[in-house]
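Novice: I have a structure here, written as structure tokens, and I will follow up with some questions on it.
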Amino acid sequence: MTAKTERIPGYCALCWSSCGCISVVEDGRLVAIEADPEHPTGAALCAKGRAAPEHVYSDARELYPLKRTNPKGAKDPGWERISWDEALDITAGRIKAIEEKSGKASVAFSITTSAGTAMQDGYPFVERLRQAYGTPNAVASIELCNFANAFVFGYTYGVPMPPSEVENGDCIILWAHNPNTTWLAFATRINKAKRRGAKLIVVDPLRVGLAAKADEWLRVRPGSDGALALAMANVIIEEQLFDFDFVRDWTNAPLLVRNDNGALLTAADIDPNGDATTKVAWDDGANGALLYDPTQGNYENEGKPALRGAYEINGIRCRTAFENYARLCSETPPERAAEICWLDADQIRKTARLIGNSKAVSCYHWAGLEMHSNTSQSSRAIDCLYALTGCFDAPGGNVILENVPVNDVFGRELMPEEMLDKSVGQEERSLGPESIFNWITTDALYKAVLDREPYGVNALVSFGMNVLLSHADGERGARALDALDFMVHIDPFMTPTAQHADIFLPVNSPWEREGLKTNFVVDQKACDRVQLRQQVIEERGESRSDTWIAFALAKRLGLSEHFWEGNVDAAYEEILDGSGVGLAELREQPTGIDKEQQTRYRKYQETGFATPSGKVEIYSQTFFDNGYPAMPEYHEPGMGPHSQPGLAKEYPLVLTDTKTPHFIHSQYRHVPKLRRSERQPRIDVHPETASARGIKEGDWVELATPHGKARMTARFVEAIHPGVIRATAGWWQNCEGLGLDGYDPENDEGANYNRIIGNDIYDPVGGCVPHKSYLCEIKKAPS
């Protein structure tokens, strides 16, 4: 009998890239995933997407709700299968009991990233559940993924970093970002731009992905990015390669900064009747003070402010913000940066000139810049460097694309106002993710659970986040999870984190559920697409979607009125209201519907920037007001050889980690098609470094840091700096199909990278932990 074959259009929802794909289904079984070249993100499909059938039908998946029967801390939780009703009733009942005793803030959520997992379908509704419930504590990994990209960039430009419009660019900068591994739709566009002649600059300690095709690959020492950015800005300023008009007219660089206290000079400082909100520049033409109104975004009498210089007004000595910035950059010339960054001064100059002489420059940085103790100021340094190009929101630059108008259902308006300033950790980080969306760090969570500071957290509702394998201080994390009064974990797999839960709820795969997506981000054509991805196969076992689980918990917690009385279709209709597209129409057109829009450039000329000055903030008023340096000062990595010279004697190597193209975070190592390419946990090491320690390629090595130990195999890489070791996080799963064992993530014999990184040193603004710049040493492991 001939098999019935269906080819169903959709998109892969395993990560941020959302690549268009065709699901091939034979007699109700998913057999293949193919790229869909007709989709705006479908030019290619990565190995993880193509391996989806093995993932979907893996015996490692959990398919039924489970209840712990053994005490917390037991090696075997004693899982017992139960019904969905019992599992949800227990979960809601325990949450209500803990809330009644200790308040809603004592119930925390953790929500896995929608950028690197299959959470994108359910994320808005899970976040809405948390907001409607009313807890100000949600671990969301933002300090590991895009605090700098979204929020620090936002403090400088007023918006999260927009995508790079590489199709119109002549110079593309990838700073600590390898889209070959994390955003394939973007990588394909860069490759196309390279073929037509665009120049590519890659700043990365590793020669991975597009670094192999770069016109300039700068092998920066992990964590020294800020010094490199200041040095390149120094060259561009000294050689006057910057966009003078943009910097003068659209940044706050002309505003005067007081020498005595570092604050911006105000009208009230120079006139008793002056307004303290009005700032002051120097008018070259009138040779005197020039007032600037940040609410209107203009200077009085259409004066032309001086961009550089030192001045004295009414006895107050000042310099322009740009003068201060130029002086800061001059302290790190290419020769000095070369020493700090382990680079060549001539290459730094050459790269700076390439940027300064290009007409359409884009710059994108992501996770590689996030995981350092100096993340925020490094990001500020890069963002200010980019401002010198004048290419923001210009053709070929980083462009704010037009999006199909849809409604936000995250439910931020549902959070009780009195809870907004109660996030654990917020008192320490006034500009951190805690203060923005009540997204807390795991360090703050562990402190609240174990030390009861600033108050106790007693329950955790964990949607897919494998904190023990994806966050620092895994040993402390395990103790914190066991100390909770109650924990429910929602996941397709029984992860090491899930093993600490009281209730386990099984999640299905994207191919077993519908998914709605708008604004595919990577370029304007992709942003025009609205698509309802079809469910292509039946749910396996009793697994359910994150969306279904969020709605079901909302009902039992008395929140149905905020969840469309349980009607998911009604929720989709509300999202789509205003888009011009209806749910029924999308179901009839599974390839999606394009709502064509026209990109508008330089929109700041109409609206200004959503910053305190209404301009790009070379001088960050927000940072200054919150006690941080207003200028992008360089600070050494907190766990680096210069800041910790004593420890560096015992741990002389710099440890960094990076994503692998074969897996996503701690996922998919059970899939034979993927595991064949990377069978064991490994470090990348320069042959000279290994030889000096008696290590041969393929040997098992002990990777030690001041915080712990792990075991991995050695791979020799000539391109890596001899002083740097590269490892990958996420190793725990076995792979039965290849007969490969797993690794215990909770002892020194395992391969848990995050167990050897401490939470004690972190970025003061965002709480970012230095997973990518830590001290270490290696030696051959005993057999």
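The values are calculated or read from the model by the stated rules, or taken from the named source; none is laboratory data. Keep in mind that what you see is a predicted model, and the values were worked out from it rather than measured. Backbone-built Cβ (ideal geometry, glycine too); neighbour counts: all protein chains shown. Just the protein is used for accessible areas: all its heavy atoms, side chains included, with ligands, DNA and RNA removed. Shrake-Rupley method; radii C 1.70, N 1.55, O 1.52, S 1.80 Å.
Novice: Would you check if GLN531 is under 30 Å from GLU54 (Cβ atoms), in contact (Cβ under 8 Å) with a residue 40 or more places away in the chain, touching a Gly at 6+ places or on another chain (Cβ under 9 Å) and of a type in the set (S, T, N, Q)? I'd like the intermediate steps shown before the answer.
Specialist: Working: under 30 Å from GLU54 (Cβ atoms): yes; in contact (Cβ under 8 Å) with a residue 40 or more places away in the chain: yes; touching a Gly at 6+ places or on another chain (Cβ under 9 Å): yes; of a type in the set (S, T, N, Q): yes.
Spelling it out, GLN531 is indeed under 30 Å from GLU54 (Cβ atoms), in contact (Cβ under 8 Å) with a residue 40 or more places away in the chain, touching a Gly at 6+ places or on another chain (Cβ under 9 Å) and of a type in the set (S, T, N, Q).
Novice: So, one more: Within region 373-413, take every residue that is open to solvent by 40 Å² or more (accessible area, probe 1.4 Å), out of contact with any strand residue (DSSP E or B) (no Cβ under 7 Å at 6 or more places or on another chain) and of a type in the set (A, V, I, L, M, F, W, C) and give me the one that is nearest to ASP528 (Cα to Cα).
Specialist: So the residue we want is ILE400.
Novice: OK, next. Looking only at region 687-709, count every residue that is open to solvent by less than 40 Å² (accessible area, probe 1.4 Å) and farther than 17 Å from PRO652 by Cα and tell me the total.
Specialist: In the first step, residues of region 687-709 are kept if they are open to solvent by less than 40 Å² (accessible area, probe 1.4 Å); the result is 687, 689-690, 695, 699, 701-705, 708.
With the extra rule that they be farther than 17 Å from PRO652 by Cα, the set shrinks to 699.
The total comes to 1.
Novice: Does region 97-109 contain any residue that is open to solvent by 20 Å² or more (accessible area, probe 1.4 Å) and of a type in the set (S, T, N, Q)?
Specialist: yes
Novice: Output the qualifying pairs, or none if there are none: Cβ atoms under 7 angstrom, residues six or more apart or on different chains, first residue in region 230-244 and touching a residue at least 24 places away in the same chain (Cβ under 8 Å), second residue charged (D, E, K, R) and open to solvent by less than 10 Å² (accessible area, probe 1.4 Å).
Specialist: none
Novice: May I ask you to verify whether HIS489 is buried (at least 24 other Cβ atoms within 10 Å of the Cβ) and modelled with pLDDT of 95 or more?
Specialist: When the stated conditions are applied, HIS489 passes them.
Novice: I've got another one for you. Look at region 503-520 and say how many of its residues are surrounded by fewer than 22 Cβ atoms within 10 Å (Cβ to Cβ), touching a Lys or Arg at 6+ places or on another chain (Cβ under 7 Å) and part of a loop (DSSP other than H, G, I, E, B).
Specialist: Residues that pass the stated criteria total 1.
Novice: Another question about this same structure. Run down GLN296, GLN347 and say which single residue is modelled with pLDDT under 95, out of contact with any helix residue (DSSP H, G or I) (no Cβ under 7 Å at 6 or more places or on another chain) and either over 30 Å from LEU200 (Cα atoms) or among the polar types (S, T, N, Q) (or both).
Specialist: It is GLN296.
Novice: Just one of the numbered conditions (1) in a loop (DSSP other than H, G, I, E, B); (2) touching a strand residue (DSSP E or B) at 6+ places or on another chain (Cβ under 6 Å) is not true of THR277; which one?
Specialist: With (1) in a loop (DSSP other than H, G, I, E, B); (2) touching a strand residue (DSSP E or B) at 6+ places or on another chain (Cβ under 6 Å) applied to THR277, the lone miss is (2).
Novice: Then there's this: In region 660-673, is there at least one residue being farther than 30 Å from GLN377 by Cα and surrounded by fewer than 19 Cβ atoms within 10 Å (Cβ to Cβ)? Before you say what the answer is, go through the steps one by one.
Specialist: First, pick out the residues of region 660-673 that are farther than 30 Å from GLN377 by Cα: 662-663, 667-673.
Next, only the ones that are surrounded by fewer than 19 Cβ atoms within 10 Å (Cβ to Cβ) stay: 672-673.
Checking region 660-673: at least one residue is farther than 30 Å from GLN377 by Cα and surrounded by fewer than 19 Cβ atoms within 10 Å (Cβ to Cβ).
Novice: Here is a follow-up. Restricting attention to region 256-271, does a residue exist that is at pLDDT below 95, more than 30 Å from PRO641 (Cβ to Cβ) and either touching a strand residue (DSSP E or B) at 6+ places or on another chain (Cβ under 7 Å) or open to solvent by 30 Å² or more (accessible area, probe 1.4 Å) (or both)?
Specialist: Checked against the condition, which is being at pLDDT below 95, more than 30 Å from PRO641 (Cβ to Cβ) and either touching a strand residue (DSSP E or B) at 6+ places or on another chain (Cβ under 7 Å) or open to solvent by 30 Å² or more (accessible area, probe 1.4 Å) (or both), region 256-271 yields at least one hit.
Novice: Quick check on ASP760: is it open to solvent by 10 Å² or more (accessible area, probe 1.4 Å), part of a loop (DSSP other than H, G, I, E, B) and either over 30 Å from PRO672 (Cβ atoms) or of a type in the set (S, T, N, Q) (or both)?
Specialist: Yes; evaluated as a whole, the condition is true for this residue.
Novice: Sticking with this one: Only one residue in ASN752, ASN747, ASN734 is touching a residue at least 12 places away in the same chain (Cβ under 8 Å) and either on the phi > 0 side of the Ramachandran plot or surrounded by fewer than 17 Cβ atoms within 10 Å (Cβ to Cβ) (or both), so which one is that?
Specialist: The conditions single out ASN734.
Novice: How many of the residues in region 435-448 are buried (at least 22 other Cβ atoms within 10 Å of the Cβ) and either without any contact (Cβ under 8 Å) to a residue 60 or more places away in the chain or in contact with a His (Cβ under 6 Å, 6 or more places away or on another chain) (or both)?
Specialist: The total comes to 1.
Novice: Between a residue in region 30-59 that is more than 22 Å from ASN180 (Cβ to Cβ) and any residue that is in a loop (DSSP other than H, G, I, E, B) and open to solvent by 40 Å² or more (accessible area, probe 1.4 Å), which pairs come within a Cβ distance under 8 Å, given they are 6 or more apart or on different chains?
Specialist: LEU30/TYR57; GLU38/THR591; VAL56/ARG540; TYR57/ARG540
Novice: What's the number of the condition ALA610 fails, among (1) open to solvent by 20 Å² or more (accessible area, probe 1.4 Å); (2) of a type in the set (A, V, I, L, M); (3) in contact with a Leu (Cβ under 6 Å, 6 or more places away or on another chain); (4) part of a loop (DSSP other than H, G, I, E, B)?
Specialist: (3)
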